[in-house]
Amino acid sequence: MNPQEFGDAFVTRLNPALTTIVQSTYVGGTRSDSVHGGQQFGASRNLAFHPVNGDLYLAGATSSWDFPAIGGIFDTDTWTGAFVTRINPQLTTFVKTAWFGGNAAETVSALAIDPADGDVLIAGTTSATTLASRTTS
């Protein structure tokens, strides 16, 4: 990660009084990585919690060819695309990342977790004529 040159996404947990940083981490690779989803009623839709174990899901866009894809699906056409990263509740371990897209740029502007089965749903924008993904082990 190189936040000084291009910018990385980040997640920070503050205490309830907003007086102490409990934990903070960068999310990204060597180029630009961002979380800038749409707003509805003043709340970002690019952050969600798993209904059972409390893992955090963060979604956004990356132009980092070396964005840390851990398992999951990923973009096979370009090195610009959307991502969803799952982080443990303490923000210390990246559990899994899906990085995906098509033959142009994508971004995620909405993220939701289905409380019935834990499926992750995302919506966003693409200028691609294809959306490619594949499963990795």
Fill in the blank from the handout: Listed by first then second residue, the pairs whose first member lies in the range 105-132 and is within 16 Å of Asn46 (Cα to Cα), whose partner is part of a loop (DSSP other than H, G, I, E, B) and of a type in the set (Asp, Glu), with beta carbons under 7 Å and at least 6 positions apart or on separate chains, are Leu121/Asp114
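Yes/no per residue for (1) part of a loop (DSSP other than H, G, I, E, B); (2) among the charged types (D, E, K, R); (3) open to solvent by 20 Å² or more (accessible area, probe 1.4 Å); (4) modelled with pLDDT under 85:
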position: Leu58; (1), (2), (3), (4): no, no, no, no
position: Ser64; (1), (2), (3), (4): yes, no, no, yes
position: Pro68; (1), (2), (3), (4): yes, no, yes, yes
position: Trp79; (1), (2), (3), (4): yes, no, yes, yes
position: Val84; (1), (2), (3), (4): no, no, no, no
position: Leu91; (1), (2), (3), (4): yes, no, no, no
position: Val95; (1), (2), (3), (4): no, no, yes, no
position: Gly101; (1), (2), (3), (4): no, no, no, yes
position: Ala104; (1), (2), (3), (4): yes, no, yes, yes
Fill in the blank from the handout: Apart from one, (1) part of a strand (DSSP E or B); (2) open to solvent by less than 60 Å² (accessible area, probe 1.4 Å); (3) modelled with pLDDT of 85 or more all hold for Ser109; the odd one out is (3)
Practice task
Residue by residue through the range 27-56, note down the ones that are modelled with pLDDT of 80 or more and either open to solvent by 90 Å² or more (accessible area, probe 1.4 Å) or under 15 Å from Ala112 (Cα atoms) (or both).
Solution key: Asn46, Leu47, Ala48, Phe49, His50, Pro51, Val52, Gly54, Asp55, Leu56
Handout entry: Gln23 being among the polar types (S, T, N, Q), open to solvent by 20 Å² or more (accessible area, probe 1.4 Å), at pLDDT below 75 and farther than 18 Å from Gly101 by Cβ
Key = no
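The values are calculated or read from the model by the stated rules, or taken from the named source; none is laboratory data. The model shown is predicted, which means the values in this text are computed figures rather than measured ones. Backbone-built Cβ (ideal geometry, glycine too); neighbour counts: all protein chains shown. When the accessible area is computed, the model is the full protein with side chains, heavy atoms only, and any ligands, DNA or RNA have been set aside. Shrake-Rupley method; radii C 1.70, N 1.55, O 1.52, S 1.80 Å.
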